[in-house]
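First the structure, in the form of structure tokens, and then the observations on it.
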Amino acid sequence: MRLANLLTLAVLSCATIASPISVSLKKIPLTSDDLRSYEKAIAYKYGIMDSYMDAQKKVVFQNDDGEKNSLSLPSVELTNFMNAQYFGEITIGTPPQLFTVVFDTGSSNLWVPSTKCSSIACWLHRRYDASKSSTHKKNGTEFAIQYGTGALEGIISNENINIGGADILGLDFGESVKEPGFTFAVGRFDGILGLAYDTIAVQRVVPPFYAMVQQKLVDAPIFSAWLGNNANGGEGGEIVFGGVNKDRFTGPIVWAPVVRKAYWEVAFSDFTVGQTKLEIAAKSAAIDTGSSLIVVPTKDAEVINTKLGAKKNAQGQWTVDCAEIPNMPDISLTIGGVPHALSAKDYVLNVGGGSLTAGNCVSGFMGMDLGSLNIWIVGDVFLRKYLTIYDLGNHRVGFAEAV
């Protein structure tokens with residue numbers, strides 16, 4: 001990747017940067033069963049974050065001061081699992097132990113399975129073995145993340161973590177010793193690498209990207225995400241830490257301020273289907289690389305999917321006639337004062353295989369109520385169309401049309 005194709009935000013200021021390091025990965029098709037597991041996972045994930053936000057309102061966000069004099073701009077290429085779930089590889093420990101993780105802007109902790117774990121989900125994935133690493137430091141603090149089927153339980157340990165060729169020294173992370181339910185067992189990833197704000201980090205552990213900034217591994221406190229749209233192989237996507245790959249987008253970058261420093265949550269205004277503006281309940285959205293669909297309150301889902309001509313099936317999924325996709329309207333979500341459009345081929349998913357006009361097709365707008373969180377969760381259905389830039393220094397998210 002050429003140096004000229006990489007920008008930092010101060011590019012957005014003439015900083016000198018070096019090339020990123022990428023990891024090539026693959027894609028796997030989406031199925032109806034995957035969507036059912038996904039629905040549970042979203043409910044669990046945002047249910048726990050709702051609780052943690054309530055419990056941690058007193059936590060004050062602080063910027064990290066100091067110069068950012070990195071010689072590297074690390075990036076990680078992503079696999080697109082089921083054209084709906086993206087993950088990449090990291091290593092932990094010395095010698096390095098390899099793990100596949102979801103790079104998730106909707107959570108803040110790094111955790112992977114431990115050799116101390118006896119759950120079936122752990123045995124089906126790579127497990128971290130502290131006894132085989134010379135850089136492991138015992139912490140021992142226990143943590144538990146409550147999910148619908150029980151608690152993911154574990155202990156905090158301290159290790160060296162490598163992300164895209166950049167070594168984070170002495171990072172606290174979670175070793176899971178109990179993983180509940182079926183969702184983790186069938187996941188194609190080993191763990192989660194959270195990229196959201198530290199205010200929702202379990203046990204107030206320093207999130208990986210914060211550590212990269214603190215250790216001056218990046219030139220600017222930003223990262224960007226490009227999610228590919230090739231369900232049959234090829235590039236899955238790319239995360240760039242410290243900058244953005246200009247080959248991945250076209251046109252201007254539209255910026256929107258973060259309205260609540262927990263998720264990367266931004267305000268939006270108008271939502272239209274075709275030429276019709278719809279009245280919707282929520283007014284902000286969490287931009288979430290770890291989510292597959294656009295999850296909206298059930299009231300909004302009814303309004304949107306009815307207007308799109310979708311029908312709810314026995315499983316509660318909003319289905320559409322695949323043959324009607326060419327005739328379905330565009331939708332538009334206004335962020336930062338600029339409409340961001342999706343065509344039907346963007347917001348309809350084929351979960352039965354075959355071409356987009358044959359098989360089983362579902363709407364990318366899923367209805368789900370998340371307690372006190374009256375927000376949208378804008379996931380990969382939207383993020384495949386728009387590259388996103390997460391600016392921790394200025395607390396804003398950038399959007400540009402992906403290529």
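The values are calculated or read from the model by the stated rules, or taken from the named source; none is laboratory data. Only a predicted model underlies this, so the values are computations on that prediction, with no experimental measurement involved. When we count neighbours, we look across all protein chains shown, and the Cβ atoms used for this are built from the backbone with ideal geometry, even at glycine. These area figures cover heavy atoms from the full protein model, side chains too; ligands, DNA and RNA do not enter into them. Shrake-Rupley method; radii C 1.70, N 1.55, O 1.52, S 1.80 Å.
Observations
- Contact map, segment 200-229: residues that are among the basic types (Lys, Arg) paired with residues that are assigned to a loop (DSSP other than H, G, I, E, B) and open to solvent by 30 Å² or more (accessible area, probe 1.4 Å), Cβ distance under 6 Å, separation 6+ or inter-chain. Pairs shown: 216/68; 216/69.
- Residue within segment 287-296 that is farther than 14 Å from residue 347 by Cα and modelled with pLDDT of 95 or more present: yes
- Lone unmet requirement of (1) closer than 16 Å to residue 379 by Cα; (2) exposed (fewer than 15 other Cβ atoms within 10 Å of the Cβ); (3) among the charged types (D, E, K, R) for residue 277: (1)
- Any hit, segment 237-254, residues being in a helix (DSSP H, G or I) and either within 16 Å of residue 87 (Cα to Cα) or basic (Lys, Arg) (or both): yes
- Look at segment 301-322: where a residue is hydroxyl-bearing (Ser, Thr, Tyr) and a partner is open to solvent by less than 60 Å² (accessible area, probe 1.4 Å) and in a loop (DSSP other than H, G, I, E, B), sitting 6+ places away or on another chain with Cβ atoms under 8 Å, you get 319/310; 319/313.
- Answer residue from segment 172-222, given it is among the hydroxyl-bearing types (Ser, Thr, Tyr) and part of a helix (DSSP H, G or I) and is farthest from residue 127 (Cα to Cα) among those: 199
- Candidates are the residues of segment 219-233 that are out of contact with any Asp or Glu (no Cβ under 6 Å at 6 or more places or on another chain) and within 22 Å of residue 266 (Cβ to Cβ); the one that is most open to solvent (accessible area, probe 1.4 Å) is 221.
- Complete set of residues in segment 94-136 that are open to solvent by 50 Å² or more (accessible area, probe 1.4 Å) and either within 21 Å of the chain's Cα centre (by Cα) or among the charged types (D, E, K, R) (or both): 98, 116, 126, 127, 132
- Of all the listed residues (244, 258, 266), the sole one being crowded, with 21+ Cβ neighbours inside 10 Å, at pLDDT below 95 and of a type in the set (A, V, I, L, M, F, W, C) is 244.
- Consider segment 314-352 and keep the residues that are touching a Pro at 6+ places or on another chain (Cβ under 9 Å) and open to solvent by 40 Å² or more (accessible area, probe 1.4 Å). The one that is modelled with the lowest pLDDT is 345.
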